[in-house]
């Protein structure tokens, strides 16, 4: 669950065939992704997709990425019965944050 | 922009390795609308945002450029850079083939040259990220 109590999921297909296959630094990092969603450092509104938010958490990935941010993009959609669900669309290590996105929440 | 707690001096990008791109493989993920240029076997890397346009994938230890990732490729990026759209139209079908036919290799190589030229021009026009350590091309 994210910090607002919304369930966030990642399909096996997205994790294996997009996240890990194109970002091998993410192999075995499922627990870090989960921890970052539950306890983010910053949350940004994606500037191009109103239903997408980006979560950043620094210093959580193992070496040699320990000094980088973990970036997770989550698309939120309403399900049939009206409940909101977040779908992870990507996750990778990054050195800086994407320009243009809007900061909407920050850890105090 | 929120607080930055990761120092910009911690990563040195070796721009001399930009030409690696010529030997990279283009891959397009339709569901995520994301375009990648990377070695046949992708390398672990950290991504560096360039003006919200693309991510350069960099080996955090050597500074070598090991890939390029462009999000919202068809829906946003190509609309902003229509000069690349026609080249992409011809190269796109080749992205899904394991081995292109020999007569298609010229299209492939041409596309990579066009992308490389675009990147080099873009980086020259947008040098604001000089705050990153840079190992300049020899």
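One table, with the values for the structure above:
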{"quantity": "Prolate/oblate/rounded call for chain A, Cα gyration tensor, a/c under 1.5 rounded", "calculated": "oblate"}
{"quantity": "Fewest-first ranking of A:36, A:21, using other Cβ atoms within 10 Å as the exposure measure", "calculated": "A:21, A:36"}
{"quantity": "Distance (nanometres) between label positions extended 7 Å along Cα→Cβ at residue B:125 and residue A:104", "calculated": "3.1"}
{"quantity": "Stretch gain in nm, segment residue A:1-residue A:80, where the contour uses 0.36 nm per residue and the Cα spacing is subtracted", "calculated": "26.5 nm"}
{"quantity": "Extension gain (nm, one decimal) between residue B:51 and residue B:79, 0.36 nm per residue minus Cα-Cα", "calculated": "8.5 nm"}
{"quantity": "Three-way shape call for segment B:10-127 based on the alpha-carbon gyration tensor, with the a/c threshold at 1.5", "calculated": "prolate"}
{"quantity": "Rg [Å, one decimal], Dmax [Å, integer] - the protein assembly as shown, C-alpha atoms", "calculated": "17.9, 60"}
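Readers should treat all values here as calculations from the given coordinates under stated rules, not as data from a laboratory. These numbers come from a predicted model, not from an experiment. Quick reminder, even Gly has a Cβ in these numbers, built from the backbone with ideal geometry, and neighbours come from all protein chains shown.
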